[in-house]
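Heads up, the thing below is written out as structure tokens.
The values are calculated or read from the model by the stated rules, or taken from the named source; none is laboratory data. Just so you know, these numbers come straight off a predicted model, no measurement behind them. Don't worry about glycine lacking a Cβ; one is built from the backbone with ideal geometry, like all the others, and counts go over all protein chains shown.
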């Protein structure tokens, strides 16, 4: 993510100049290595998009998810039975989740940037201090340059993945807030394992279509339902919790949407009464 035209070229030239200098002179002083490490740090930092621009991109990306799911009501598809009035009631919590997710994403990107720069410097320090005084004719300068640039050149891809992953986590958390305040009684796990190219987790595939009970929900407290074989939602990781997970819950609010074995005798009687009255 170059900050200005030529910043990536500056980083490339600095790396190549450092390699040429160390190859010629070798590890003849710590000062030589320290000087190059500082120049490399400055050149690497110059390739990065300014934090203010990065945070604006984060806000725009996560804000578009918020608009699609909350302001335009797209989240209702995952919550059949929840009214727009309920959605309006929980908006302050949902908005707070947006602000929290932006801050968390920005912090993660800052940490990844610092790690990429430090990884580059560690690689250079280790390599340069291994070259004997007087230099070496056996160094593959091109290959060493590739290795030294690798962490910084892969950073844009890492940052895009972070943003995508944080978007999935954000959507999952918004959905859980709506489910909690809307009175969901269970969640049906939906996995993307059938999607071509999706790197799914095997245990997430096994959860697909299983119905997990929301612990102490109103129907359970009323003696209308029991937890199914899958157990409770709080006994497993949440959708989007693990890195790059794109699973989600289809939330259940009505007794009639539960498997038969999750209804108690009292629950079956009440459901029958509801159907007869309809």
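Looking only at the range 81-136, residues that are in a loop (DSSP other than H, G, I, E, B) and either touching a residue at least 60 places away in the same chain (Cβ under 8 Å) or closer than 30 Å to residue 50 by Cα (or both) come to 11 in all. Scanning the range 137-157 for residues that are more than 15 Å from residue 23 (Cα to Cα) and in a helix (DSSP H, G or I) yields 146, 147, 149, 150, 151, 152, 153, 155, 156, 157.
For (1) over 15 Å from residue 177 (Cα atoms); (2) modelled with pLDDT of 95 or more; (3) touching a strand residue (DSSP E or B) at 6+ places or on another chain (Cβ under 6 Å), each residue gets a yes or a no:
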position	(1), (2), (3)
73	no, no, no
76	no, no, no
80	no, no, no
85	no, no, no
94	no, yes, no
116	yes, yes, no
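Taking the listed residues 212, 153, the one that is modelled with pLDDT under 95 and either touching a helix residue (DSSP H, G or I) at 6+ places or on another chain (Cβ under 9 Å) or loosely packed, with under 14 Cβ neighbours inside 10 Å (or both) is 153, with no other qualifying. Can you confirm whether the range 14-32 contains a residue that is free of Cβ contacts under 8 Å to residues at least 60 places away in the same chain, assigned by TED's automatic domain parsing to the domain that holds residue 136, crowded, with 17+ Cβ neighbours inside 10 Å and closer than 24 Å to residue 118 by Cβ? Taking every residue of the range 14-32 in turn, at least one turns out to be free of Cβ contacts under 8 Å to residues at least 60 places away in the same chain, assigned by TED's automatic domain parsing to the domain that holds residue 136, crowded, with 17+ Cβ neighbours inside 10 Å and closer than 24 Å to residue 118 by Cβ.
In the set 54, 37, 1, only one residue is modelled with pLDDT under 95, in the same structural domain as residue 131 (by TED's automatic domain parsing) and either under 30 Å from residue 100 (Cα atoms) or surrounded by 13 or more Cβ atoms within 10 Å (Cβ to Cβ) (or both); that residue is 54.
When residue 62 is tested against (1) surrounded by 17 or more Cβ atoms within 10 Å (Cβ to Cβ); (2) modelled with pLDDT under 95, exactly one condition is not met: (2).
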